[in-house]
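Every number in this text was worked out from the coordinates using simple rules, so none of it is lab data. Nothing here was measured: the structure is a model prediction, and the numbers come from that model. When we count neighbours, we look across all protein chains shown, and the Cβ atoms used for this are built from the backbone with ideal geometry, even at glycine.
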């Protein structure tokens with residue numbers, strides 16, 4: 001298996017560094033591997049950064065992603081027959097989103113509006129016995145429909161990345177709550193959140209469920225979802241953002257946030 005791994009790389013020198021790292025845990029080999037695969041971090045950071053506001057420093061994304069690359073190098077097992085790049089990308093991406101969480105990159109004003117929409121969802125669902133529509137939400141918030149759509153556009157930047165991370169992007173960063181993502185409590189909470197999310201998604205209106213499924217499960221872009229639904233990309237973004245806020249509201253009601 002090791003030989004096929006080396007040949008797949010197409011680089012005898014690289015194969016040698018992998019052999020020295022995997023067989024002997026040579027620190028110098030580890031360093032060379034990290035340098036060799038560093039462009040992968042820049043690539044992933046660029047993809048993530050494309051969906052973030054300009055205020056987010058791309059350098060911060062790369063710095064966070066390097067920790068994911070280091071973790072991937074240290075955990076990689078060539079005997080599993082998986083390419084290193086395939087193994088590393090999810091870990092790099094996860095490290096970048098965890099870094100964003102700790103940077104607290106979401107402006108306070110945006111978090112405040114997100115909470116107002118979440119509260120509106122909670123209040124109106126209790127009053128109406130069903131999910132409120134856009135008109136009812138904007139009326140409850142005391143703003144026009146146009147302003148409500150502007151709110152959703154601003155809040156949309158908090159809903160990038162995996163759904164479990166998007167659900168907590170509007171609250172205080174982990175570092176301010178005295179927790180760490182790798183702590184036992186943090187891991188336990190993450191598992192609980194994922195179970196609760198699956199349950200709550202099933203209760204959302206059909207169109208919201210569909211958008212979340214196409215975006216998170218099928219990996220479609222907002223533009224591609226727009227083609228499927230026959231609406232504009234902007235409208236899909238609104239539905240997606242509203243769906244995440246709806247879920248945040250339900251999670252808060254169940255004591256999970």
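Key figures
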item: Region 201-257 shape via C-alpha gyration tensor axes, a/c threshold 1.5; result: prolate
item: In nm, spacing of pseudo-spin labels at residue 232 and residue 135 (7 Å Cα→C-beta vector); result: 2.0 nm
item: Distance in nm between pseudo-label sites at residue 146 and residue 14 (7 Å out along the Cβ direction from Cα); result: 5.4 nm
item: R0 of 41 Å, Cβ-Cβ distance residue 24-residue 209: FRET efficiency to nearest 0.05; result: 0.20
item: Footprinting exposure proxy for 118, 125 (fewest neighbouring C-beta atoms within 10 Å first); result: 125, 118
item: Approximate spin-label separation residue 128-residue 43, in nm, with each point projected 7 Å along Cα-to-Cβ; result: 4.5 nm
item: For a label point 7 Å along the Cα-to-beta-carbon line of residue 80, residues of region 198-224 with backbone N under 19 Å; result: none
